[in-house]
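A short worksheet on the structure shown next.
Laboratory data are not the source of any read-out in this text; all were calculated from the coordinates shown. Because the structure is a prediction, the values reported are computed rather than measured. Cβ atoms come from the backbone with ideal geometry, glycine included; neighbour counts cover every protein chain shown.
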Amino acid sequence: MDVAALKERIETEAAVAVYFSAPNCGVCLALRPKVEALFSKEFPLVKFVQVEIDKSPGISGEYSVFSAPTLLVFFEGKEFLRKVRLMGIQELQQKIERPYKMIIG
């Protein structure tokens, strides 16, 4: 996926979560399945996208992501949430629940 494709997805979908990871990042590998499970179970209408920082430096630069893991959540094309490195699954769920229900229903 390139910058243009990701921008288009963010602009056309009601909600998008972008998870940035890096190779040899133990936290990234351990956290990704938990974050993906949260979205698939609790927020199934959010489109989940994974970006590897080393393979997509253009996307990382465009969204000012320079460390991993980073999670960006967009609602209606606007960045709603940015979590870098330390993120608890319960905290993510609490922060996303209200706007998800308001925007998506």
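Does anything in the stretch 21-42 have its amide N under 18 Å from the 7 Å Cα→Cβ label point of Gln94, and if so which residues?
In the stretch 21-42, the label zone of Gln94 (backbone N under 18 Å from the point 7 Å along Cα→Cβ) covers 35, 38-39, 42.
Pairs of alpha-carbon atoms within less than 8 angstrom and 6+ residues apart define the contacts here; what relative contact order does the chain have, in percent?
35
By DSSP, what percent of the beta bridges with both residues in the stretch 3-103 are antiparallel, rounded to the nearest 5?
Rounded to the nearest five, the antiparallel share is 65 percent.
Report the longest stretch of the chain that contains none of the trypsin sites (Lys or Arg not before Pro) sitting in a DSSP loop with at most 15 other Cβ atoms within 10 Å.
The longest uninterrupted stretch comes out as 1-54.
Here are labelled values, (1) 2, 11, 14, 16, 15, 12, 11, 7, 5, 4, 2, 0; (2) 2, 12, 26, 26, 20, 11, 2, 0; (3) 2, 11, 19, 20, 13, 8, 7, 6, 5, 4, 3, 1, 0, and one is the computed P(r) over Cα pairs in 5 Å bins from 0, in percent for what I pasted. Which one?
The listed entry that was calculated here is (2).
Which GluC sites (Glu not before Pro) does the stretch 1-97 hold that lie in a coil by DSSP with at most 14 other beta carbons within 10 Å?
Glu76
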